Amino acid sequence: MTTQRTSGRRKQAFAAAAAVAALLTTAACGGGGSDDSGKGSSTGAAGFDAANNKVAQASLAKKGGTLKFGGAQDADSWDTTRGYYGFMWNFARYYSRQLVTGKTEPGKAGATLTPDLATGLAKVTDGGKTYTYTLRDGVTWEDGKPITSKDVKYGIERVWAQDVLSGGPVYLKDVLDPKGAYKGPYKDTSKDKLGLKAIDTPDDKTIVFHLPEANSDFEEILGLVSASPVRQDMDTKSKYGLHPFSSGPYKFASYSPGKELTLVRNDKWNQASDPIRKANPDKITVTFFSDANQLDQRLLNGDLDLDINQTGMSPQGRTTALKEHKANLDNPVSGYIRYAVFPQSVKPFDNIECRKAVIYGADHVSLQTARGGPVAGGDIGTNMLPPSVPGAEGQKYDPYEIAGANKSGNEAKAKEALKACGQPNGFKTTIAVRNNKPVEVATAQSLQASLKKIGIDAQIDQYDGSQTTGIIGSPANVAKKGYGIIIMGWGPDFPTVQGFGLPLWDSKYILDSGNSNYALIKDKTIDGLFDSYVTTLDNAGKEKIATEINHKVMEGAYYLPFVFEKFINWRSDNLANVYTTDNYSGMYDFVNLGLKNPKK
């Protein structure tokens, strides 16, 4: 997930900042005081790390009130087919349901699948190629009409309409129709527009998936919001993200892109049909800010309850929060890797030695510091597989001695690599970075400074972070702009090497728009390892292949990892039933948050 899903379910490729309470003064509501004990504060904050992999103040959540989010970045799309930012997947469970979803439990348990629209997990037959589900009784749309198996099928079919609905994950398309025979519902010639042969709907309550080949992660893929139902008569195609039709406890009341979003209760939602959602608040608002520092100040002031982007506070707000409001903070491992990536379409990064020059020339301590240091930034990243993914080796695998001898950069090896790539005096390039992320801009500046020492003149181009899909997600635009280095981050869509690395490293995932394989990796060995992985059903075998894929990616020098990310996240004094979840890369699980005092 980019931080944007990514990452991706955990992506998220994933957004930006932190969180606080209701619309009163700092003293009354957003305080917390300096609390080094971590045992809570006089204003009611739960204490430092109180919601990190455990539930804070669960019993204090009351029904009612307005839950107030802030954000430094809007979603890439609120359309369940198109959204790929991790916070979007998290938030979308307010207005969308899936056959299965992550448990509403803290930590690793949150990444375990549980039934949602379905009565149970899949009945799997035919050697792992057939998955059968039955829908619950009483599941309805926001107009009260029943949600049917055909609605689920149609919602999934929309993933095939990449010419109209690009940007989201395409796992479903690749697993169910690897040859691309189906052309999507908008080009479907069958009368009911439900012509995808891989899915049967024998009646309104039954849905059967027929995989051409077994995929050991298929049920994980059905847990993504891209498998949400969509009703044909309410499908507004490319405009659907402006007002999705709700299958969950809340529905869209108003939305002004980049400014605000308001959800209100869906009065046709039936609690008895939904084992996942408590639907505590009466209303949910999101206010978007163009400046992350302004967002942090509003959190600190007590005007907002939490940050929707869930990627940590910016340096200025973080410093104040750690000093004066420590009891309002958590310090989770995010599951994201923050990195620079080198598109091979931009010279001289088509040469592996030029890529290595940047890796060796970077000051990794400076980059870690720019990201927030060991606490707010994370451990120095030495490879591209997050610690939460089976097969990961953490800092034990460090092929470029990034956390070892080359921690502050290796000028000699960098100049050696420059000579080997035919650029002994260095070269000019451009670093692309999102303009609404101060931490990313600081990272770009750190990299720029260290590269200057080895003769690489890197200019920084700050682009509109809300336009990622069309700017860095377009290989043609990347080549045109000469973006030799892209600053980015990624977390697992689901906690496997397929759920993390497939969109980044498999050649099938190079797309004209909404591309995430920014390096344009076309490696037959890597593609072949992914092909082997998806048909490997034993966990030990899957882990071995995951490790091999990571090694191949690092050997290609396509990436400069910065950190295995940690971040400082804010929750308001008024927030209750708060916990971080591995389902969304260490974010707070939004779906069952409540308020202690709904009248604030």
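Structure notes:
- When Lys419 is tested against the conditions (1) in a helix (DSSP H, G or I); (2) modelled with pLDDT of 95 or more; (3) charged (D, E, K, R); (4) within 30 Å of Gly541 (Cα to Cα), the lone failure is (4).
- Summed over segment 390-406, residues that are in contact with a strand residue (DSSP E or B) (Cβ under 7 Å, 6 or more places away or on another chain) and open to solvent by 80 Å² or more (accessible area, probe 1.4 Å) total 1.
- Within the set Val346, Val286, Val341, the sole residue that is under 21 Å from the mean Cα position of the chain (by Cα), farther than 30 Å from Val264 by Cα, modelled with pLDDT of 95 or more and not charged (D, E, K, R) turns out to be Val341.
Yes/no matrix, rows are residues, columns are (1) aromatic (Phe, Trp, Tyr); (2) within 26 Å of Gly167 (Cβ to Cβ); (3) within 24 Å of the chain's Cα centre (by Cα):
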site: His210; (1), (2), (3): no, no, no
site: Val230; (1), (2), (3): no, yes, yes
site: Tyr240; (1), (2), (3): yes, yes, yes
site: Pro249; (1), (2), (3): no, yes, yes
site: Ser256; (1), (2), (3): no, yes, yes
site: Asp274; (1), (2), (3): no, no, no
site: Arg277; (1), (2), (3): no, yes, yes
site: Asn280; (1), (2), (3): no, no, no
site: Asp291; (1), (2), (3): no, yes, yes
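- Single residue of Thr443, Thr429, Thr382 found to be modelled with pLDDT of 95 or more, farther than 28 Å from Arg82 by Cβ, open to solvent by less than 30 Å² (accessible area, probe 1.4 Å) and not in a loop (DSSP other than H, G, I, E, B): Thr429
- Subset of segment 103-142 [farther than 22 Å from Leu263 by Cα, surrounded by 19 or more Cβ atoms within 10 Å (Cβ to Cβ) and in contact with a helix residue (DSSP H, G or I) (Cβ under 7 Å, 6 or more places away or on another chain)]: Gly110, Ala111, Leu113, Ala122, Tyr131, Leu135, Arg136
- Total residues in segment 143-160 satisfying the condition of being part of a loop (DSSP other than H, G, I, E, B) and either of a type in the set (S, T, N, Q) or buried (at least 21 other Cβ atoms within 10 Å of the Cβ) (or both): the figure is 2.
- Subset of segment 200-215 (residues that are surrounded by fewer than 23 Cβ atoms within 10 Å (Cβ to Cβ), more than 18 Å from Pro146 (Cβ to Cβ) and either at pLDDT 95 or above or touching a Cys at 6+ places or on another chain (Cβ under 7 Å) (or both)): Asp200, Val208, His210, Leu211, Pro212
- Hits in segment 156-187 - residues which are modelled with pLDDT under 95, closer than 16 Å to Ser228 by Cβ and not hydrophobic (A, V, I, L, M, F, W, C): Gly167, Gly168, Pro169, Tyr171
- Tallying residues that are assigned to a helix (DSSP H, G or I) and farther than 20 Å from Asn309 by Cα within segment 75-131 yields 5.
- Condition check for Lys522: basic (Lys, Arg), within 19 Å of Pro178 (Cα to Cα) and open to solvent by 10 Å² or more (accessible area, probe 1.4 Å): yes
- Of all residues in segment 249-270, those satisfying the criterion of being in contact with a Phe, Trp or Tyr (Cβ under 8 Å, 6 or more places away or on another chain) and in a strand (DSSP E or B) are Tyr250, Lys251, Phe252, Tyr255, Glu260, Leu261, Thr262, Leu263, Val264, Arg265.
- Qualifying position, being surrounded by 15 or more Cβ atoms within 10 Å (Cβ to Cβ), closer than 24 Å to Lys63 by Cβ and of a type in the set (Phe, Trp, Tyr), among Phe252, Phe288: Phe252
- Residue that is nearest to Met88 (Cα to Cα), among those in segment 165-175 that are in a helix (DSSP H, G or I) and open to solvent by 10 Å² or more (accessible area, probe 1.4 Å): Lys173
- Of all residues in segment 216-244, those that are crowded, with 21+ Cβ neighbours inside 10 Å and either among the aliphatic types (A, V, I, L, M) or touching an Asp or Glu at 6+ places or on another chain (Cβ under 9 Å) (or both) total 12.
- Residues located in segment 58-102, provided they are open to solvent by less than 30 Å² (accessible area, probe 1.4 Å), within 25 Å of Asp267 (Cα to Cα) and of a type in the set (S, T, N, Q): Ser77, Thr80, Thr81, Asn90, Ser96, Gln98, Thr101
- The set of residues in segment 556-600 being basic (Lys, Arg) and closer than 21 Å to Ala50 by Cβ consists of Lys566, Arg571, Lys596, Lys600.
- Contact map, segment 229-245: first residue under 15 Å from Tyr255 (Cα atoms) and at pLDDT 95 or above, second residue of a type in the set (Ser, Thr, Tyr) and surrounded by fewer than 20 Cβ atoms within 10 Å (Cβ to Cβ), Cβ cut-off under 7 Å, separation 6 or more or different chains; pairs are Leu242/Tyr255; His243/Tyr255.
The values are calculated or read from the model by the stated rules, or taken from the named source; none is laboratory data. Remember, it's a predicted structure, so these values are computed and weren't measured experimentally. FYI the Cβ positions are ideal-geometry reconstructions off the backbone, even for glycines, and counts take in every protein chain you see. To get the accessible areas, we keep the full protein, side chains included, count just its heavy atoms, and leave off ligands, DNA and RNA. Shrake-Rupley method; radii C 1.70, N 1.55, O 1.52, S 1.80 Å.
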